[in-house]
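Q: Can you keep this structure in mind? I'll have questions shortly.
The values are calculated or read from the model by the stated rules, or taken from the named source; none is laboratory data. None of the values given here were measured: they were computed from a predicted structure. All Cβ positions, even for glycine, are placed from backbone atoms using ideal geometry, and neighbour counts span all protein chains on display.
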Amino acid sequence: MTILTPASQDRPPNPLDTLEQIVAANDWVFERRSESEMAAEAPGKWCDYGLYFSWSQEIAAMHFTCAFDLKIPPRRRAALYELLALANERLWIGHFGMDSEDGMPVFRHSVLLRGANGASVESLEDMVDIALSECERFFPAFQFVLWGGKTPAEALQAAMLDCAGEA
């Protein structure tokens, strides 16, 4: 593929520097592992979420995952794969997957920044907020399939009910 931008054009700044400030401002535990990697832990309503950010200067892209603190037993993984596919149909940004090594559900998203002046604070906050919101929204469906004996379709339908009022 032909690259139309001049070779002398500066690469965007490292978005992990901004993410480090965002994570610290939320008082979340984090570790900056290198110039290209950062891990953090964000509390949620249902569980704590493991956030992992990876920056590639070469392709000016950042990959982000938000992992559930939830292990899927091998015998239930087929049902969870079906639930992930159904949940992904409802997402505008990012997607759900399952880590093949430890069977942990994850929300993934990548951002391309070539040609941009970097990622704004607002866009990075939105990226993290969307991931946490979607994980919180779908967590009950995972529980319904794993421990509630529901099919993936039933679990998704039950989890998507919006309650009105207070009990």
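Q: Give me a count of the residues in the stretch 72-122 that are among the charged types (D, E, K, R) and farther than 20 Å from P152 by Cβ.
A: Of the stretch 72-122, the ones among the charged types (D, E, K, R) are 75-77, 82, 89-90, 99, 101-102, 108, 114, 122.
Now restrict to residues that are farther than 20 Å from P152 by Cβ: 101-102, 114, 122.
Residues that pass the stated criteria total 4.
Q: Failed condition for G148, given (1) at pLDDT 90 or above; (2) surrounded by 12 or more Cβ atoms within 10 Å (Cβ to Cβ), with all others met?
A: All conditions pass for G148, except number (1).
Conditions tested, residue by residue: (1) of a type in the set (D, E, K, R); (2) under 16 Å from L19 (Cβ atoms); (3) modelled with pLDDT under 95.
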site: C47; (1), (2), (3): no, no, yes
site: I59; (1), (2), (3): no, no, yes
site: T65; (1), (2), (3): no, yes, no
site: Y81; (1), (2), (3): no, no, yes
site: E101; (1), (2), (3): yes, no, yes
site: V111; (1), (2), (3): no, yes, yes
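Q: Can you say whether A116 is out of contact with any Cys (no Cβ under 7 Å at 6 or more places or on another chain), outside any loop (DSSP other than H, G, I, E, B) and of a type in the set (G, A, S), as far as the supplied structure shows? Show your work before the answer.
A: Details: out of contact with any Cys (no Cβ under 7 Å at 6 or more places or on another chain): yes; outside any loop (DSSP other than H, G, I, E, B): no; of a type in the set (G, A, S): yes.
No: the conditions fail for A116.
Q: It is to be established whether one or more residues within the stretch 119-127 are surrounded by 15 or more Cβ atoms within 10 Å (Cβ to Cβ) and either assigned to a loop (DSSP other than H, G, I, E, B) or on the phi > 0 side of the Ramachandran plot (or both).
A: Within the stretch 119-127, one or more residues are surrounded by 15 or more Cβ atoms within 10 Å (Cβ to Cβ) and either assigned to a loop (DSSP other than H, G, I, E, B) or on the phi > 0 side of the Ramachandran plot (or both).
Q: What's the total number of residues in the stretch 83-113 that are loosely packed, with under 15 Cβ neighbours inside 10 Å, in contact with a helix residue (DSSP H, G or I) (Cβ under 9 Å, 6 or more places away or on another chain) and in a loop (DSSP other than H, G, I, E, B)?
A: 3
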